1. What number of residues in segment 279-296 are among the charged types (D, E, K, R) and within 11 Å of the ligand (Cβ to nearest atom)?
2. Anything in segment 142-166 that is in contact with a helix residue (DSSP H, G or I) (Cβ under 8 Å, 6 or more places away or on another chain) and farther than 13 Å from S86 by Cα? List them, or say none.
3. Filter segment 442-472 down to the residues that are hydrophobic (A, V, I, L, M, F, W, C) and touching a strand residue (DSSP E or B) at 6+ places or on another chain (Cβ under 9 Å), then identify the one that is surrounded by the fewest Cβ atoms within 10 Å (Cβ to Cβ).
4. Please work out if S71 is among the small types (G, A, S) and outside any helix (DSSP H, G or I).
5. Report, ordered by the first and then the second residue, all pairs with beta carbons closer than 6 Å, sequence separation of six or more or different chains, a first member in segment 357-368 that is over 12 Å from P332 (Cβ atoms), and a second member that is among the small types (G, A, S) and assigned to a loop (DSSP other than H, G, I, E, B).
6. Looking at segment 378-394 only, could you name the residues that are touching a Lys or Arg at 6+ places or on another chain (Cβ under 8 Å), in a loop (DSSP other than H, G, I, E, B) and within 14 Å of the ligand (Cβ to nearest atom)?
7. Considering every residue within segment 207-223, establish whether at least one is of a type outside the set (D, E) and within 12 Å of the ligand (Cβ to nearest atom).
8. V507 - would you say it is at pLDDT 95 or above and either more than 14 Å from the ligand (Cβ to nearest atom) or closer than 26 Å to L23 by Cα (or both)?
Amino acid sequence: MPNTNATHANTTLNLRNIQGNGLGGFNKDHQSNLFLKFRNADAAREWIKDIADTIAGSSSADVIQFNNQFSTLRAQGVRHPETLISAVWTNLVFSWRGLAVLKVPDVNAFPEDFKQGMKARGPGKIGDTGESAPDHWIDPFKNPDDVHALLIVAADDAHELVRTVQQITSNPKFQAAVTITLDQAGNTRPDLPGHEHFGFKDGISQPGVKGVDPPDDPLGNPTQGHPGQDLLWPGEFVIGYATQIPRADAEFDGPNQNPGPISASGPDWTRDSSYLVFRRLRQNVPAFEQEVSRVAQKLGWHSDLTGAKLVGRYKSGAPIEQRKFQPGPYTPPPIDPGNPVTGNPALGNSNALNNNFEFGDDPRGAICPVAAHVRKAYPRDEFTPAGKQDSESSTQTHRILRRGIPYGAPYVPHYPTSATVDRGLLFLCYQNSITDHFEFIQQTWVDSKTFPPSDPGAKPLADQPGDDPIIAQNADGTILLDPDAKAVTISHFVQTTGGEYFFSPSVDVLKRIGAGQL
Ligand code: N7H
């Protein structure tokens, strides 16, 4: 039996000490991302001392409480809860170079991934080659010495955001301490809130975290938050807590429920901290749409189905994988079944319906291609090199808390200049180790043409799975859309234009840095 007592005993999180965007998720419509270069350690510490109380007011406790109130209002039928309650949140994170400039002790004890930073890791580890190579990145990411910290300010209301940013940046201590090397705005799409620029609903599937997300059905389904959302030990995302065990528990079907070792990383003062990956990903929307039409025509499919085969979800968010609810053979519908006009929008919107699927009943990808984006990035109960028994438990040690937001104006086909606007996704994700989470997903799953391997219990695939069609970096990739035919070629339309790895310290550490105690 799983050690369910431990589930409760070991999840007392110090939420007031953990910055809010990781475990909580700001989830705001407007976000300023201010990349900062410190002028010198003393002035920077003076400013950090000044802003630490603001950060303390944007802790996970504050953000989770607000988000719960927001969801309650929604459940009560309030269509725009932000007209009744609103908040502005502020978090501060440091690059390794930033910590070194601050002269924080033991910086060499941090792991290599974080020390090297995204630019150095890009070409070898995470596919940043060709047009995504760091030489083509925008400033300041080309020169990591210009990126010491990232101040994230997020608000429901655009004016409130501007007011707060002005307040922070007009403070003489801020001005004495830093230069702003980039102010990167992120905004929810005004025309299609909750959807990214290719048109797909995003931010649906997140790992559930024990001690944060209560099970919807504590008696019938105690190991999941919403249906299909496995609850994981918080140490996967925050340092100092129990982690997942990558091997199966013989007594329990599904990911191992027992608490694994306490997460540790870097110097001995990193408890309640996380690592944040920030990646600026440009999306070429018209080229993506053309490519979807080309593939749709070639295969005689509707473009809705073609898009769903590439992503694993229709644009509404409805998962393509619905086999477990079908009594017999299942063919996914050609037109988006979650379309708000012609279908049932709850398939994409409702937490009870939009994540309740696995791939085990579709091992060859006849419904959801094995290289579809959501399948590559989170293979659920898929067979992996960890072996039949341990695949699912092992996969749960490579999850991320995604906190992305779009940037740039949406694509409007009849505006001649719209095609060339710089737009895309500010991809942010939190974890306890960049190597084991973000880099593992990108390198070992997404960028590998041979992942996932054929399930030994199923008929072999006619070709290799191919690349994730959304975020693999090869200009001309392939994807196996029919497990009994050759893979088809597909171009890719997401370009990395910058990014960095950051450390998100606990509130206490931030205060100690400000006070000169660390
Ligand atoms: Fe992805 N997209 O619009 O196609 N992503 N993603 N992603 N992504 C997801 O379930 C997208 C990127 C993951 O739990 C959805 O929330 C785009 C990176 C993971 O089932 C959609 C970009 C990485 C999941 C997109 C992009 C990931 C996920 C479905 C870049 C990590 C959860 C909605 C421009 C290396 C899978 C949802 C699960 C879901 C899109 C980037 C990872 C629609 C356009 C860089 C783990």
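1. Looking only at segment 279-296, we keep the residues that are among the charged types (D, E, K, R), and these are 279-280, 282, 289, 291, 294.
Subsequent filtering for residues that are within 11 Å of the ligand (Cβ to nearest atom) retains 279-280, 282.
Residues flagged as among the charged types (D, E, K, R) and within 11 Å of the ligand (Cβ to nearest atom) within segment 279-296 amount to 3.
2. Passing the criteria: K142, P144, D145, V147, H148, A149, L151, I152, V153.
3. The first filter runs over segment 442-472 and keeps only residues hydrophobic (A, V, I, L, M, F, W, C), leaving 445-446, 451, 458, 461-462, 470-472.
If we keep only those that are touching a strand residue (DSSP E or B) at 6+ places or on another chain (Cβ under 9 Å) too, we end up with 470-472.
Working: I470: 24, I471: 22, A472: 24.
Ranking the qualifying residues of segment 442-472, first place goes to I471.
4. In short, no.
5. The qualifying pairs are P363/A458; R364/A458.
6. Those that are touching a Lys or Arg at 6+ places or on another chain (Cβ under 8 Å), in a loop (DSSP other than H, G, I, E, B) and within 14 Å of the ligand (Cβ to nearest atom): Y378, E382.
7. Yes, segment 207-223 contains at least one residue that is of a type outside the set (D, E) and within 12 Å of the ligand (Cβ to nearest atom).
8. yes
The values are calculated or read from the model by the stated rules, or taken from the named source; none is laboratory data. Not measured: the values here are computed from a predicted model. Here Cβ is always computed from backbone atoms with ideal geometry, including for glycine, and neighbour counts include all displayed protein chains.
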